[in-house]
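Dropping the structure in here first, questions after.
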Ligand code: NI
């Protein structure tokens, strides 16, 4: 397994709509294992493939480090599709691609999700609470969207400098970041 560098705010791959997977071959299995290792090393609870520079509809989630979720097994979610949502809630979010920024975001509490697992088996399942939150955040990455885009304009203004700095590679994290290809 390998630790993969994480792409940060401003990198083009994070703004792209990722492609659905038609199957899970050996290369994808390796990528999944590497994504779990990368996420764990960065103390993350969710990671989407575009964050490691691969524009496909794949994400991994592991919330077992959180007390109430310690029995929840790690999940691989491929080609996810939200079928239903209900009950909006406010919850704080952060993102490995936007180091140091944490803000509260409104999202549905409950989602009904259709997805495929790492064996390409289809599931339809309901999630709520933290698990639902992480899945929705990661699913946004597959659509080229970041959580800071969901904030009100005042909060976004207050983050402007920080985000500009990350865009220009002026950022540090306790995990490996991908090098900026277009530092101005
Ligand atoms: Ni994120």
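What single numbered condition from (1) buried (at least 19 other Cβ atoms within 10 Å of the Cβ); (2) in contact (Cβ under 8 Å) with a residue 60 or more places away in the chain; (3) over 18 Å from residue 73 (Cα atoms) fails to hold for residue 135?
All conditions pass for residue 135, except number (3).
Being more than 14 Å from the ligand (Cβ to nearest atom) and either in contact (Cβ under 8 Å) with a residue 24 or more places away in the chain or surrounded by 14 or more Cβ atoms within 10 Å (Cβ to Cβ) (or both) is the filter here, so list the residues in region 156-169 that pass it.
Within region 156-169, 156, 159, 162, 165, 167, 168, 169 meet the criteria.
Moving on to the next point. Taking region 12-30 as the search range and keeping residues that are crowded, with 17+ Cβ neighbours inside 10 Å and within 16 Å of the ligand (Cβ to nearest atom), which one is nearest to residue 145 (Cα to Cα)?
Going through the qualifying residues, I end up with 14.
Another question, if that's okay. Can you pull out every residue in region 91-141 that is more than 16 Å from the ligand (Cβ to nearest atom) and either at pLDDT below 95 or not in a strand (DSSP E or B) (or both)?
117, 118, 119, 120, 121, 128, 129
Let me ask another. Of all residues in region 142-155, which are at negative phi and either within 16 Å of the ligand (Cβ to nearest atom) or surrounded by 13 or more Cβ atoms within 10 Å (Cβ to Cβ) (or both)?
Selection gives 142, 143, 145, 146, 147, 148, 149, 150, 151, 155.
Residue by residue through region 17-30, note down the ones that are touching a helix residue (DSSP H, G or I) at 6+ places or on another chain (Cβ under 7 Å) and free of Cβ contacts under 8 Å to residues at least 60 places away in the same chain.
none
Six or more apart or on different chains, Cβ atoms under 6 Å: show the pairs whose first residue is in region 140-155 and in contact (Cβ under 8 Å) with a residue 60 or more places away in the chain and closer than 8 Å to residue 16 by Cα and whose second is part of a helix (DSSP H, G or I) and away from the ligand (no atom under 11 Å from the Cβ).
Every condition considered, the pairs that remain are 144/15.
Under 7 Å between Cβ atoms, which residue pairs at least 6 apart in sequence (or on different chains) link something in region 31-54 that is more than 18 Å from residue 145 (Cβ to Cβ) with a partner that is within 11 Å of the ligand (Cβ to nearest atom) and assigned to a helix (DSSP H, G or I)?
As it stands, the answer is 45/134, since those pairs meet every condition given.
Looking at 83, 90, 113, 96 in this structure, which one is more than 16 Å from residue 49 (Cα to Cα) and surrounded by 13 or more Cβ atoms within 10 Å (Cβ to Cβ)?
The conditions single out 113.
The values are calculated or read from the model by the stated rules, or taken from the named source; none is laboratory data. Computed from a predicted structure; not experimentally measured. A quick note on method: Cβ atoms are made from the backbone with ideal geometry, for glycine too, and the neighbour counts reach across all protein chains shown.
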